[in-house]
1. With +1 on the Cβ of every Lys and Arg and -1 on the Cβ of every Asp and Glu, and nothing else charged, how large is the dipole of the chain about its Cα centre, in debye rounded to the nearest 20?
2. Among 171, 154, 120, which one moves the most in a GNM of the chain with springs linking Cα atoms closer than 10 Å?
3. Collect residues whose amide H, placed 1.01 Å from N in the peptide plane, falls under 5 Å from the amide H of residue 96; neighbours closer than 5 in sequence don't count.
4. Out of 23, 179, 150, any idea which swings most in a Gaussian network model of the chain, alpha carbons joined below 10 Å?
5. Provide the per-residue ³J(HN,Hα) series for the stretch 141-157, in order, calculated from phi with Karplus coefficients 6.51, -1.76, 1.60 and θ = phi - 60°, each as a whole number of Hz, with x at glycine and proline positions.
6. Just to make sure I understand: if all protein chains stay in place, what is the order of 186, 124 by accessible area at 1.4 Å, largest first?
7. Stretch residue 181-residue 124 to full length: gain in nm at 0.36 nm per residue minus the Cα-Cα span?
8. Packing-wise, with mean Cβ within 10 Å as the measure, how do 77-90, 56-69 rank, highest first?
Amino acid sequence: MCAPHAGGTAHAYRSWPAGLPDDIEVLAVQYPGRQDRLAEPAAVTMDDLVRPIADALEPFVLEPLALFGHSMGAAVAYEVALELERRHGQAVDLLTVSGSRAPHHREEENRYALSDADLVEELRRLDDSFGDLLAAPELLDLVLPAIRADFRLVSRYLRTPALPVRAPLLVFGGTDDPDVSPDELRQWRTCAGGAFDTRTFPGGHFYLSDERPILEALVPWLPGKSSAP
């Protein structure tokens, strides 16, 4: 299961199947309020996202199951892992979180309250590649409400104290991420009840736009593949 960043869609993981072994199925989450779920109201709380995702994953809990989430999706994947473990015990074989501070080390933020112009500048700060997309007013009208709703949801999310997951925990990040430093990535150690490792890759917050090295680092940890450290 792959959970996207704030304002993101399942489309973010469209190229992953081609870079993974043929026996790995990619299940990408589509949050409400965008693309084919545009007519649905956006989630207000983390629980609004987590419980439906956990429900959808019920048929897979007896199969090898790995969760991946980037940025906001990291918190979503972590909470889904906790929910599945609450329901079923050892239900997840691997949790990978990316580009995110640990759930007990989050800072209060108000990006959701920025004006449209300031919000666009904030998105450009995180990733220059947003520039062309955000220059089109008709696209802005479609994407900004979902981004703003996700930022509002994230601003309300904090888990303290952090709960450790039973699954092995792998933490990824970009070496030049302006929001999450390598030291902050290592703070996820508190959330690990077993195997734990961190990996950094060249790039900023959206370093995973080049998925090849990320998938190469991820595959050895996947259930049924070569053993992880």
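The values are calculated or read from the model by the stated rules, or taken from the named source; none is laboratory data. Just so it is clear, the structure is predicted and the values come from calculations on it, not from any experiment. Virtual Cβ from ideal backbone geometry, glycine too; neighbours counted across all protein chains shown. Just the protein is used for accessible areas: all its heavy atoms, side chains included, with ligands, DNA and RNA removed. Shrake-Rupley method; radii C 1.70, N 1.55, O 1.52, S 1.80 Å.
1. Working: 21 positive and 36 negative charges, 135 e Å.
Computed charge dipole of the chain: roughly 660 debye.
2. The residue with the greatest mean-square fluctuation here is 120.
3. Excluding prolines and chain starts, which carry no amide H, the hits are 67, 68, 69, 170.
4. Looking only at 23, 179, 150, the largest GNM fluctuation is found for 23.
5. Result, rounded to whole Hz: 4, 7, 8, 5, x, 5, 5, 5, 4, 5, 4, 5, 4, 4, 4, 9, 9.
6. Greatest to least solvent exposure: 186, 124.
7. On the way: separation 57, 0.36 × 57 = 20.52 nm, distance 1.86 nm.
Residue separation times 0.36 nm, minus the Cα-Cα distance, leaves 18.7 nm.
8. 77-90, 56-69
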